[in-house]
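For reference, the structure is listed below as structure tokens.
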Amino acid sequence: MAEKKLLGQMLLEEGVVTESELKKALDNQRKTGHFLGRILVDMGFVDEKELKRILSIQAGIEMIDLKNTPIDKKGVEVFPSALAKTYNAVPVKLERNILTLAVGDTLSLNIQDDISFILGYKTKMVLADENDIRDAIETHYGKEIETIDDLIKWLAQDVEEMEELDAIASQGEYATITSLEEIASLPPVVKLFDLILLQTVRDNASDVHLEPFEEDFRVRYRVDGVLYDLVHPPRGLSFALFCRFKIMAGMDIAERRLPQDGRIELSMMGRAVDLRINTVPTVFGECLAIRVLDRAKTIFELENLGLDQSNMERVDGIIRKPNGIVLATGPTGCGKTTTLYAVLRKLNTPDVKVITTEDPVEYMLEGSIQVPIREKIGLTFAKCLRSILRQDPDIILVGEVRDFDTAQMAIQSSLTGHLVLSTLHTNDAPSTIMRLIDMKIEPFLLASTIEGVVAQRLLRVLCPRCKEEYRPSKNELFEVKLSGEDADKMKFYKPKGCPFCRSGYKGRIALFEILIPTEPFWEAVVEGKPLGEIRKVAVEKCGMKTLLDDGLDKINEGITSLEEVAKEIHGY
């Protein structure tokens, strides 16, 4: 099978871009992590239609002129408007049980199998202009925007099945396991289950929450760190949805009084997705939370995370040490693991042995040995580390330093000639040392092993298509401790919102604070000085650039907004 050509290579061969234009776009991609095609269009190097033509050749699918293509009414009848508007796809024809759908970009090709499952038809995808698709949807379905709630109404058309769901849901804890398994397998439940996961993966959500209330049941998902309402299912359907998730996760569907954990591995939109399920009992029934781990996610290059030149040089210096400990710190969900894997990707060469131990293993790293923690059978971080040292590793990644035993093993590993990478939950870089001392680790051991601490936060990135320059108020400037004089030397942008981004933000980037401890810093720690004084020493004697300073630089560069930085460093 011929190897698929890269987009940049094809654009060069077709004479669409020059080498210098492609180089500029690739440099931009390394900084932002956005898709190359979209960057080329935004920079004015490539026309949107020309890009579509090349993408269709690359993907090996047909590109059609939708304006001059008749739409089959049979296709419109079997393809509900809510699906068309949710996935921006329009049916072109229905022939011999094969439904041909026109989509606006090659990423949408990944929904082919999922839509086939929902509708029961084989599907064939063709590419068309996005504006033409929107016009066709308005013509055949109307202008009103439909949401996943409209899909619920479409799914709930079978009145008999919905009545059965309500009847079993009303039985509560007296419902039998057989009846619960039956309702979990009903077509409306299976389809809603699929649609929620489709929307979750499509929008790159990190978490999904199913939350019961006295008069309501809501499903929310978290995208770029912000929770959004997804759907409010009827009571019967929501109860059955819980059963579906629990069966798929191998959990006890009859047990609704105790917390449970489970796991689902499946393929959505052509991507391998790992779902970590947790339930807790509430006064109105179980509350279910899902952590979405997309194993097909790209492991970012270290240069793409948001490190400026000075911080990049500092990180590069500490990770090149032959031994010692490098810690990534910050609150839950701030990208610590992503940063450490970006470091590993840089260090993972054929002449180095890398072993990781995590709970759970979130990314696949080719060429490294990855060990999942299983606390239920006694395989903890500390026990795993003891065995790992017998495997002759050069670099060890420990998922998290949770207790004294793990911290002690990490220190022993570094003292015996290994580079140890790990994470810790602290608010900033200097307080990491205080946290380790609080774990009863002696300061002299820390001084001998800690090579660097990388504290971080995640901020939403302003949409490059619709961000607007403005002048902030005095109150806004006060939030980030900026004087009027300093503000006059800076540029400020705010989110607006457009069809591309919806909220004015698209993607996230990290703020960094990198501490490389020096002798004056350790003297301040041993003397037991207050954290404020220790932080001052870190800035003045260790050259540490604070999270706030990094945030102000990213505001001035137009990467993020003042509001985002203020939210993350409030009270810092």
Quiz prompt | Area of Ile441 that stays accessible when all protein chains are in place (1.4 Å probe, Å², to 10) | solution = 10
Exercise. Quick one: which residues, 5+ away or cross-chain, put their amide H under 5 Å from the amide H of Thr423? H built at 1.01 Å from N.
Key: Ala328, Glu400, Val401
Quiz prompt | Leading residue at positive end of dipole, the chain (Cβ point charges), from Tyr221, Leu344, Phe242 | solution = Leu344
Quiz prompt | Rounded to 10°, Cα long-axis angle of helix 235-248 versus longest principal axis of the chain | solution = 60
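For the chain, give me the percentage of DSSP beta bridges that are antiparallel, rounded to the nearest 5 percent.
Numbers: 52 of 82 bridges.
Antiparallel bridges make up about 65 percent of those DSSP assigns within the chain.
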Quiz prompt | Cross-link pairs beyond the 30 Å C-alpha cut-off, checked among Lys124/Lys494; Lys467/Lys545; Lys24/Lys124; Lys52/Lys122 | solution = Lys124/Lys494; Lys24/Lys124
Quiz item: Using just the C-alpha positions of the range 467-557 as equal point scatterers, what log10 of I(q)/I(0) does the Debye formula give at each q in 0.11, 0.14 1/Å?
Solution: -0.48, -0.69
Quiz prompt | Over the chain, volume per residue of the alpha carbon convex hull, in Å³ | solution = 196
Quiz item: How big is the Kirkwood radius of the range 390-459, worked out from every pair of different alpha carbons and given in Å to one decimal?
Solution: 12.7
Practice problem: Determine the calculated [θ] at 222 nm for the chain from helices alone, applying -39500 (n - 2.57) to every DSSP H run no shorter than 4 residues and normalising by the residue count; nearest 500 deg cm²/dmol. | Solution: -12000 deg cm²/dmol
Practice problem: Taking DSSP loops as anything outside H, G, I, E and B, show the longest stretch in the chain free of GluC sites (Glu not before Pro) there with at most 14 other beta carbons within 10 Å. | Solution: 367-526
Practice problem: Specify which residue in the list Pro259, Asn304, Leu288 is farthest towards the positive end of the charge dipole of the range 226-383, using unit charges on the beta carbon of Lys, Arg (+1) and Asp, Glu (-1), about the Cα centre. | Solution: Pro259
Quiz item: What relative contact order, as a whole-number percentage, does the range 295-361 give when Cα pairs under 8 Å and 6 or more residues apart are counted?
Solution: 42
Practice problem: Give the relative contact order (percent, whole number) for the range 393-541; include only Cα pairs under 8 Å separated by 6+ residues. | Solution: 24
Practice problem: Just need log10 I(q)/I(0) for the range 382-523 at q = 0.10, 0.11 Å⁻¹, Debye formula, equal scatterers on the alpha-carbon atoms, no solvent, rounded to two decimals. | Solution: -0.56, -0.64
Self-check item: Loop trypsin sites (Lys or Arg not before Pro), the range 180-287, which have at most 10 other Cβ atoms in a 10 Å radius of their Cβ (DSSP)
Solution: Arg257
Quiz item: Per q in 0.20 1/Å, what log10 I(q)/I(0) does a Debye calculation on the alpha-carbon atoms of the range 219-290 return?
Solution: -0.99
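Would you work out the relative contact order for the range 455-572, in percent, from Cα pairs under 8 angstrom that are 6 or more residues apart? Don't jump to the answer; show the numbers that get you there.
On the way: 173 pairs, mean separation 42.8, N = 118.
Once divided by the residue count of the range 455-572, the mean separation gives 36 percent.
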Quiz item: How large is ³J(HN,Hα) for each residue in the range 320-329, as worked out from phi by the Karplus curve 6.51 cos²θ - 1.76 cosθ + 1.60 (θ = phi - 60°), to whole Hz, x for Gly and Pro?
Solution: 8, 5, x, 8, x, 10, 10, 10, 9, 10
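Suppose the chain between Asn323 and Glu50 were pulled fully straight at 0.36 nm per residue; how much longer would it get relative to their current alpha carbon spacing? Don't skip to the answer; put the middle values down first.
Working: separation 273, 0.36 × 273 = 98.28 nm, distance 5.11 nm.
Full-extension gain reported as 93.2 nm.
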Quiz prompt | Under Karplus coefficients 6.51, -1.76 and 1.60, residue-wise ³J(HN,Hα) of the range 384-396 in Hz, glycine/proline x | solution = 5, 4, 4, 6, 4, 4, 7, 8, 6, x, 9, 10, 10
Quiz item: Using all Cα-Cα distances in the range 421-483, what percent lands in each 5 angstrom bin from 0 up to the longest?
Solution: 3, 12, 15, 16, 11, 9, 10, 11, 7, 5, 1
Quiz prompt | Cα lying deepest toward the dipole's positive end in the range 395-539, options Ser483, Pro495, Leu415, charges on Cβ | solution = Pro495
Exercise. Would you count, across the range 279-415, every pair of lysines whose alpha carbons are under 23 angstrom apart, provided the pair is eight or more residues apart or spans two chains?
Key: 9
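Under unit Cβ charges (Lys, Arg +1; Asp, Glu -1), what dipole magnitude, rounded to 20 debye, does the chain have relative to its Cα centre? Intermediate values should be presented prior to the final figure.
Numbers: 73 positive and 92 negative charges, 174 e Å.
In debye, rounded to 20, the chain gives about 840.
The values are calculated or read from the model by the stated rules, or taken from the named source; none is laboratory data. Just so it is clear, the model here is predicted, and its values are computed rather than measured. Glycine gets a Cβ as well: all are built from the backbone with ideal geometry, and neighbour counts include every protein chain shown. Accessible surface is based on the protein model in full, side chains and every heavy atom, while ligands, DNA and RNA are left aside. Shrake-Rupley method; radii C 1.70, N 1.55, O 1.52, S 1.80 Å.
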